[in-house]
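What follows is a single structure, written as structure tokens, with notes after it.
Only the coordinates and a few stated rules stand behind these numbers; no lab work does. Note that this is a predicted model, so its numbers are computed, not measured. So basically every Cβ, Gly included, is an ideal-geometry build from the backbone, and we count neighbours across all protein chains shown.
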Amino acid sequence: MEQEPVDVAVIGAGIVGLGIAWTLLRSGRRVTLIDPAPAQGATFAAAGMLAPVSEYHYQEEDLLALTLESAELWEEFAAPFGPAGGHRTTPTLVVGFDAADRAALADLQAAQQAHGLEVQAVSLREARRMEPLLSPQLSGAFLTPGDHQVDPRMLHAAMLEAFRRGGGTVLAERADGLQWAADDDDGGSSADRVTGVLLASGGVVSAGEVVVANGLASPELRGLPEGLDLPIRPVHGDILRLRVPERLRPFLSATVRGSVRGIPVYLVPREDGTVVIGATQREDGQAGVSAGGVHQLLRDAQQLVPAVAELELEEITARARPGTPDNAPLLGRVAAAGGGEVAGLVIATGFFRHGVLLTPVAARAVLDLLDGHDDGRWAAFRPDRFSPGLLNEHTVEAHA
Ligand code: GLY
């Protein structure tokens with residue numbers, strides 16, 4: 001069935017796709033969001049750490065700039081939803097378990113400080129004063145006050161409702177491919193323009209612009225631009241949700257990120273008395289929960305906070321993050337094989353470990369592109385950077 005033509009069709013209603021759709025709707029555009037199961041992918045699992053500093057990895061400087069910018073945007077982005085958006089400005093405490101963890105954390109802290117990031121040294125005594133349930137046997141700690149958190153499920157629900165109330169359309173359908181302009185009547189070719197989305201049900205959503213934001217499923221779309229390679233792979237994660245009994249509240253006030261014998265683990269306390277413990281990183285292709293992964297999370301979380309053993313285990317989830325070769329998203333327009341850029345198409349996928357954190361900056365970047373205000377600032381994330389056949393003046397600039 002032919003749907004009403006819109007200004008923008010967004011494929012994928014995870015937190016990134018919805019954040020883009022909501023932002024574009026607020027800019028006055030008519031927007032349709034297409035997803036058979038909104039927020040059932042990586043968004044469903046995500047802990048929602050807004051942690052550019054404590055999640056910094058060596059040699060990811062471009063990504064650091066993007067994550068820092070997005071962290072700055074979070075307060076404004078979440079404001080329309082109030083407490084229902086689940087945004088909290090609680091800090092993050094980074095802790096090490098043994099001497100090797102302490103040494104690794106000291107190296108990380110030095111690298112963070114070299115980038116001018118806000119990191120505060122705290123003694124173990126101070127750390128335990130802040131968080132009395134921390135183990136007395138930790139080896140080191142520091143604080144990243146600007147690393148906050150959001151509850152992705154709460155925010156997604158609030159934003160989806162606001163999107164619908166604001167006149168946005170949500171189609172619970174699977175996008176099958178991109179629709180391209182037919183050749184001009186006078187025989188010329190206008191096939192460098194995407195004009196809509198083909199639905200698996202046979203329908204079409206005609207749109208002035210199409211945003212591809214369906215994470216792991218994006219490389220499977222039919223009709224992606226010629227020569228475009230979207231190298232996205234599933235990086236599975238197991239994650240737990242636990243309830244804190246009344247007698248142990250408040251359990252934690254800050255997010256605790258730890259390294260336990262070199263293995264990362266985090267505990268994110270929610271306002272509703274639950275704690276999220278995550279997350280493994282597996283490339284074993286197993287979509288279901290890994291028994292070893294759950295064991296590892298509970299074991300390591302208890303090394304940091306022994307009272308984890310007394311919590312009620314409410315939920316065990318496994319989902320796949322959309323990973324890319326350089327851990328950075330694929331964001332922007334695509335070079336056309338014949339020169340110039342493909343009109344009517346923006347890619348916003350491959351957000352790997354940072355989908356929630358990067359939602360506001362992705363939404364802002366897409367808005368700027370559609371408004372014609374792109375200043376090339378985020379060119380390092382061009383979606384065609386892994387497509388050698390598309391190297392042209394745009395992609396070469398991006399890698400200069
Ligand atoms: N950003 C946290 C994770 O991917 O586990």
- Note on the structure: To the nearest 10 degrees, the tilt of helix 291-304 (Cα long axis) against the first principal axis of the alpha carbons of the chain is 50 degrees
- Query: Along the charge dipole of the chain, which of Val265, Leu124, Leu50 sits closest to the positive end, that is, farthest toward it, with unit charges on the beta carbon of Lys, Arg, Asp and Glu (+1, +1, -1, -1)?
  - Reply: Leu124
- How do 45-58, 213-226, 347-360 rank on mean C-beta neighbours within 10 Å, highest first? 347-360, 45-58, 213-226
- Task: Give the long-range amide H neighbours of Arg270: residues separated by 5 or more places, or on another chain, with amide H under 5 Å away, using H modelled in the peptide plane at 1.01 Å from N.
- Result: Val275, Val276
- Item | Relative packing of peptides 253-260, 299-306 - highest average C-beta neighbours within 10 Å first | 253-260, 299-306
- Note on the structure: One finds the C-alpha centres of the range 127-165 and the range 213-255 to be spaced, in Å, by 16 Å
- Message: Please compute the modelled spin-label separation between Glu118 and Ser27, points set 7 Å along Cα→Cβ, answer in nm with one decimal.
- Response: 2.9 nm
- Going from the fewest other Cβ atoms within 10 Å to the most, one would list Met130, Met159 as Met130, Met159
- Task: Quick one: work out the % antiparallel among DSSP beta bridges in the chain, nearest 5.
- Result: 70 percent
- On full extension of the chain, what length is gained from Glu61 through Leu313, given 0.36 nm per residue of separation minus the C-alpha to C-alpha distance? 87.0 nm
- Note on the structure: Note to self: C-alpha centroids of the range 295-310 and the range 91-125 sit apart, in Å, by 21 Å
- Message: Let me spell out the model: positive unit charges on the Cβ of Lys and Arg, negative unit charges on the Cβ of Asp and Glu, origin at the Cα centre of the range 194-263. What dipole size does that give, in debye rounded to 20?
- Response: 700 debye
- Message: Taking 51 Å as R0, compute the FRET efficiency from the Cβ-Cβ separation of Arg165 and Ala111 and round it to 0.05.
- Response: 0.70
- Item | Contact order relative to length of the range 1-130, as percent, for alpha carbon pairs under 8 angstrom and 6 or more apart | 17 percent
- Query: Which whole-number percentage describes the relative contact order of the chain, with Cα contacts under 8 Å and a sequence gap of 6 or more?
  - Reply: 23 percent
- Item | Two-site FRET efficiency, Arg299 against Ala100, from Cβ-Cβ distance with R₀ of 22 Å, rounded to 0.05 | 0.85
